[in-house]
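The next block holds one structure in the form of structure tokens; read it before the comments.
No value in this document is a laboratory result; all are computed from the given coordinates. All of these numbers come straight from a predicted model, not from anything done at the bench. Every residue, glycine among them, receives a Cβ derived from its backbone with ideal geometry; neighbour counts consider all protein chains shown.
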Amino acid sequence: MFRLTSALAIAAFSLNVLAEAKKTVKIINKEYEAPAMLFGLGEPVTVDYNHENAESVAYWDAEPVDGGYKLKNTFAESWVALTGERDILAGLLEDDADTFFFQPAEDGAFLIKFPDEDFVWDFDPTDKACLEGAVRMAPQNGKESQRWYIQQVVS
């Protein structure tokens, strides 16, 4: 399980990870200290807030593109894109992948968002309007559930 250490060390490391070419990372929800994961094509992006799943479903290739990143889950071999259904993020084919931007937030965390929009990745397992455990795009509201740590995976 990911344990938070020094916020400054995390911030410096995260910016360094994102500044370089394609990297394999884990995207960790700040509020639940749990990774985003994906099980297959067409499945929603979820967060392992019960810490029950294998590490392999939580690895993402962050590929730089147009100042942002396309995210590919290495287990599911699927790319993240917004679906029309309840603003849920899901694993789709590369041609359908969305580009996301990482905006620094407090404590070394990031908001993951679309360019020039106020919608960010959000995770709330109690939100009944959303699939249980699914990550969705929601209006930025300052909650910790919208902040994400980026941790490089070293093989």
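Reducing the stretch 33-79 and the stretch 98-115 to their Cα centroids gives an inter-centroid distance of 15 Å. The lysines within cross-link reach of Lys30, meaning a Cα-to-Cα straight distance under 17 Å and a gap of 8 or more places when in the same chain, are Lys113, Lys143. In the stretch 16-140, Cα pairs under 8 Å separated by at least six residues give a relative contact order of 21 percent. Among the trypsin sites (Lys or Arg not before Pro) in the stretch 39-96, those placed in a DSSP loop whose Cβ has at most 13 other Cβ atoms within 10 Å are Arg86. Taking the empirical scaling 2.2 N^0.38 Å for compact globular proteins as reference, the stretch 53-155 has a Cα radius of gyration ratio of 1.04.
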